[in-house]
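To start, the structure itself, in structure tokens.
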Amino acid sequence: MAGAIIENMSTKKLVIVGVILLLFQAFSFMVGGLIAPSPTTAVPYLASKCVDTDKHHQSSRYFMPWGPNQCHKIQDFDEAMSKKIEANNIVFAIHIPLPNKEMSPWFQFMLVVLQFDIAFKMYNQIEDGAVATIDVGVAYRDDMLGEWTEMAHSIEQRKLSCKFPTNKTHENEGRYYECDLLPFMELGNVAHKYYLLNIRLPVNERNKINVGIGEIKDIRLVGIHQNGGFTKVWFAMKTFLTPSILIILVWYWRRITLMTRPPVLLEKVIFALGLCMTFINIPVEWFSVGFNWTWMLLFGDIRQGIFYAMLLSFWIIFCGEHLMDQMERNRFSIYWKQVGPIVFGSFCLFIFDMCERGVQLKNPFYSIWASDVGTELAMAFIIVAGICACLYFLFLCFMVFQVFRNISGKRSSLPAMSKARRLHYEGLIFRFKFLMLVTLTCAAMTVIFFIFSQVNEGHWHWGDYTVQVNSAFFTGIYGMWNLYVFAIMFLYAPSHKRYGDEQSRGASGEDIQLTTTITHVDGPTEIYKMTGKEAQE
């Protein structure tokens, strides 16, 4: 039997292939570390206080904080009180971006968080469980002299989480509370050059609207978007890797179909992994530069979720198919206990994403973090997801340990062979063990990346907006996935060579000693068959 490339390729060629893949892996880290800028940029904004003199308070009217058509502004609320301007007539206006700058579709998304500057007053303190009601609208335009077009308008509630750093006494009046950042808005793409936010804090004492929220002095926003330079590097990587994986995928399946036997489960799963890698590679994000596709963030999450599920399932099946005590190999149904939780977890990820980004397609101001229940659920989800990822890795380590133990048990058959045959099988075992260690390393990096990305996304909602992720981590992990999938398809493709025909003719007895009990078992490699021997017996 010809076997797989991992068995029949010479050690010298395998080393060359390994070195080339290692160089590409190093290059993928260097691309992010030396060429690409940080993945995201955080820009602070301070709202201007505009005065709405219209008695009807038309929500379709937008107030510009600066420029030729800027609104009538006041400096602070003391000025408003002196001019007898009511709180309901004040509009907080924020123009994104800052003057003399433009937004770009290369920014891909825009996340905005909000923070209130609230001064302490003995007669107007923040009540426990205070909720701010915010009447907010966002509009856009693509030139400085054009009319503003409303994108979305909503009335949202955000619970205040503030603490006063010192004693609440008359001497400390005027000092500011320390308030947490609040999730405010998220756009799935940045298709326009200029955005304008108008925020009102309507007061209605009878209905207890915006009562007991303290004396708000200012509203600060932080706009977070993807760096255009990082986007271009990311798109370039996807554009380069897509044909590479697609070509090896077609080549791999063509070799599988040329065999006289039908493909086994392991070969089918490798092909499915290649399909998922190709699916996540396809650079459809290029269209987001020219089209106003607000669903690109959600679509990207779905693609990544499918790849996660396939990759985690592949590792389980890859190890399981090489366990000697696996009584019914080559049947997907026997893995339902391991793969089922992975599928269920991926489905929960999808539901969680739809509950936020799905709703944001219609209302960009919606956030699951805005309520106590939503925040607790989101935090619990992040913690549980991290714990499950760690448990999965431990379980995978246990499976790899079982595979190593079972393969080591096979070594008892090797001393009876001739030196050439013994060295051949010892070489196969070494190559397979090395591949399993590479698999564990890839799994560990994937789990770290998953946990880190979940925690980092949460930081934008509850933590310091200066948190940055190194670009090298993103590009390195992404390159690692592609190189791993490429290597698996290449090494497990059927080889056109036959190992040692002359040795095989002279050592038929030795070959029978190792394979007589599994001659009716087909598989991609000798290790695959060796580990199935005990199950057949």
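The values are calculated or read from the model by the stated rules, or taken from the named source; none is laboratory data. Please read all numbers here as calculations on a predicted model, not as lab measurements. Cβ coordinates were reconstructed from backbone atoms using ideal geometry, including for glycine residues, and neighbour counts include every protein chain displayed. In case anyone asks, the SASA skips ligands and DNA or RNA and just uses the protein heavy atoms, side chains included. Shrake-Rupley method; radii C 1.70, N 1.55, O 1.52, S 1.80 Å.
Just flag the chymotrypsin sites (Phe, Trp or Tyr not before Pro) in segment 106-166 sitting in loop per DSSP whose Cβ has no more than 14 other Cβ atoms within 10 Å. Don't jump to the answer; show the numbers that get you there.
Values: sites: W106, F107, F109, F116, F120, Y123, Y140, W148; in loops: F109, F120, Y123, W148.
Answer by residue number: Y123.
Here K163 sits with roughly 130 square angstrom of accessible surface, probe radius 1.4 Å.
Take every Cα pair under 8 Å in segment 42-226 that's 6+ residues apart, average their separations, divide by the length, and report that relative contact order as a whole percent.
Numbers: 396 pairs, mean separation 68.3, N = 185.
Across segment 42-226, relative contact order equals 37 percent.
Ligands, DNA and RNA aside, T41 has an accessible area near 40 Å² when probed at 1.4 Å.
What is the sum of charges, Lys and Arg at +1 and Asp and Glu at -1, for the other residues whose Cβ falls under 15 Å from the Cβ of N281?
Values: positive: K238, R303; negative: E285.
Charge balance in the 15 Å sphere: +1.
Per the Debye calculation on segment 79-171 with a single equal scatterer at every Cα and no solvent contribution, log₁₀ I(q)/I(0) for q = 0.23, 0.24 Å⁻¹ amounts to -1.38, -1.43. Placing one equal scatterer on every Cα of segment 42-226 and applying the Debye formula, the log10 ratio I(q)/I(0) at q = 0.17 Å⁻¹ is -1.16.
Here is the list for segment 147-182: GluC sites (Glu not before Pro) lying in DSSP coil, each with at most 12 other C-beta atoms within 10 angstrom of its C-beta, are E147.
Taking the charge dipole of segment 48-175 about its Cα centre, with +1 at Lys and Arg Cβ atoms and -1 at Asp and Glu Cβ atoms, the residue from L111, N124, T169 reaching farthest to the positive side is T169. Simple spin-label model, 7 Å along Cα-to-Cβ: V250 to F434 in nm? Taking the two extended label points, one gets 3.1 nm. Taking amide H atoms as placed 1.01 Å from N in the peptide plane, the amide H of T40 lies under 5 Å from those of N227, V469, each 5 or more residues away in sequence or on another chain. Taking label points 7 Å from Cα along the Cα-to-Cβ direction, R405 and D372 give a separation of 4.9 nm.
What does the net charge come to around F77 if you take all other residues with beta carbon closer than 9 Å to its beta carbon, with K and R at +1 and D and E at -1? Before the final figure, lay out each step's value.
Details: positive: K49, K217; negative: D76, D78, E79, E215.
Here the count lands on -2.
Among the protein heavy atoms, those of R431 account for about 50 Å² of accessible surface (1.4 Å probe, every chain in place). The 3J(HN,Hα) values that the Karplus relation (6.51, -1.76, 1.60; θ = phi - 60°) gives for segment 211-224 are, in residue order, 10, x, 9, x, 9, 6, 9, 8, 10, 10, 10, 10, x, 10 Hz. Gly and Pro appear as x. Note on exposure: W286, W293, W315 ranked by accessible area (1.4 Å probe, complete protein assembly) read W286, W293, W315, with the most exposed listed first. Residue-wise HN-Hα couplings along segment 195-200, as the Karplus relation 6.51 cos²θ - 1.76 cosθ + 1.60 with θ = phi - 60° gives them from phi, are 10, 10, 10, 10, 10, 10 Hz; Gly and Pro carry x.
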